[in-house]
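The values are calculated or read from the model by the stated rules, or taken from the named source; none is laboratory data. For clarity, every value in this text was computed on a predicted model and none was experimentally measured. Counting neighbours? That spans all protein chains shown, and the Cβs are built from the backbone with ideal geometry, glycine included.
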Amino acid sequence: MPVSKLPYPDYKFKSGWNALLPARIPNPELAEKIEIDVAIVGAGFTGISAAKRWRELQPDATIALLDSSEIGEGNPGRNSGFLLEISLAEDADARNIEKMAASNKLISETMQHIVSEVQKSGMDCDIKRAGTYRAAASDIGNRSLNKYQAFLKATKTPFEELDKSELKQRLGTSFYQAGLYSPHCYLVQPASVIRALATNLPNDINLFENTAALSLTANKNKNGWTIKTAHGSIQSKKVVLANNAFSKDLGIGKSCLVAMYTYAGLTPQLEPGILECLGSDKNWGLLPAHRLGSTLRRTADGRLLIRSHYGYEAESSIDVIRTKLRSRMQNRFPQLDQIKFEHVWGGAVGFTFNGGALWGEAKPGLFVSAGCNGGGTVKGTLLGRLLANLANGKEVPNVAKLFGKASWMPPDPFRALGFHLASLLENIQGHKEL
């Protein structure tokens, strides 16, 4: 499949989460030339967090947020709705307790800030501290699960070990051999949450929706930057790139970022008779122990969601994705063999080779936070706030030490070839986890 050259995601399929919400009127797109102090590209968790913090630090600054999509329809409204209070499994390092404790403290504080912002909005976001399951279906998955369990033990984070029968009793599936449950996770309706956070933006921050940043260039007089959009332009003294993997298409991060597409399928509300066969837990989320495994959600209103499969830099065919997701759902819940998805969609995730972040001042007056590697909700919110602090001369923690620094990746076509070969190998090794 050819790689998209657009500097933003141009999704073919609507977000199922957003489709469940009442229609909203988007903010107007930018249709003129403007001059401001700060332009933030990407009105997701990172961009909104950076904008709010910038306003706290600079009450008189003129600030604009622009997003290529509509609030709730872009990437923040396309994830699985897990808001983790502790480090991701991919970040976990039981050998470095001090670093993990510092990371977990910042992430936990950020999670409480998100909860406060959602409550302040007055919107119903189905937010609940329901915890999360992690489970393995094979030996390779068990090795990953054991590694994460060692991290939880080392950091004295509470968890509960579960065997196959206990998982079946709670979740209604016999697919997994073993698992664990941790209380440190909120489950949410993600499209509703990003809508709630956007409603709390100060009135004097301009939010332009359906306004993609098509190009970014340094002004010839070395004073600021120019952003071109379809029907306007922005002259800004400072710019924040909070558009994750797509910052590389604006010239920042090309050597270390890749856009990976993942896919989700969401069922209709299930009949009571079917729900009785799906375990005792009525609102839960499960993250795979192995990174190629599938993420699962049972929502409070009686739906099942599965998120699985990866695509390199472009969306796959909807028919191919629907078939793969349906197969993986039925492997876990054969009792749902007659249930079809109400919604199927994709979402782009910014990945780096080593899992480290691309963060900081990339060029004078140009700041970036990208490469959250699937953890862009809470960690992205934290990094957006810290980026605003950095840009305004405030003291910040050592982000590279806490969350890693993105490493170099070879250019295409070698990058794409490497991805496909690595994906093929991991699919062979971890096929029981799919």
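Things worth noting here:
- Of the residues making up the range 1-53, those that are touching a helix residue (DSSP H, G or I) at 6+ places or on another chain (Cβ under 8 Å), surrounded by fewer than 19 Cβ atoms within 10 Å (Cβ to Cβ) and either β-branched (Val, Ile, Thr) or not in a loop (DSSP other than H, G, I, E, B) (or both) number 1.
- Within the range 214-232, being out of contact with any helix residue (DSSP H, G or I) (no Cβ under 6 Å at 6 or more places or on another chain) and crowded, with 16+ Cβ neighbours inside 10 Å holds for Leu214, Ala218, Gly224, Trp225, Thr226, Ile227, Thr229, Gly232.
- Some residue of the range 354-369 being out of contact with any Lys or Arg (no Cβ under 7 Å at 6 or more places or on another chain), at pLDDT 95 or above and closer than 26 Å to Val188 by Cα: yes
Every residue, every condition in (1) modelled with pLDDT of 95 or more; (2) under 16 Å from the mean Cα position of the chain (by Cα), yes or no:
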site	(1), (2)
Leu6	no, no
Leu21	yes, no
Asn27	yes, no
Glu32	yes, no
Glu35	yes, no
Ile40	yes, no
Ala43	yes, yes
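- Leu387 vs. criteria closer than 30 Å to Ile306 by Cα, surrounded by 12 or more Cβ atoms within 10 Å (Cβ to Cβ), modelled with pLDDT of 90 or more and touching a strand residue (DSSP E or B) at 6+ places or on another chain (Cβ under 7 Å): no
- Some residue of the range 259-281 being in a loop (DSSP other than H, G, I, E, B), within 22 Å of Phe351 (Cα to Cα) and either touching a residue at least 12 places away in the same chain (Cβ under 8 Å) or small (Gly, Ala, Ser) (or both): no
- Leading residue by the ranking (surrounded by the fewest Cβ atoms within 10 Å (Cβ to Cβ)) among those in the range 184-213 that are assigned to a loop (DSSP other than H, G, I, E, B) and polar (S, T, N, Q): Asn203
- Checking each residue in the range 153-183 for being under 20 Å from Asn104 (Cα atoms) and surrounded by fewer than 20 Cβ atoms within 10 Å (Cβ to Cβ) picks out Lys153, Ala154, Thr155, Lys156, Thr157, Pro158, Phe159, Glu160, Pro183.
- Count of the range 361-395 residues, restricted to those that are under 17 Å from Val38 (Cβ atoms) and free of Cβ contacts under 8 Å to residues at least 40 places away in the same chain, is 4.
- Residue, nearest to Val239 (Cα to Cα), within the range 214-226, restricted to residues that are free of Cβ contacts under 8 Å to residues at least 12 places away in the same chain and assigned to a strand (DSSP E or B): Thr226
- Among the residues of the range 96-133, the one identified as on the phi > 0 side of the Ramachandran plot and acidic (Asp, Glu) is Asp126.
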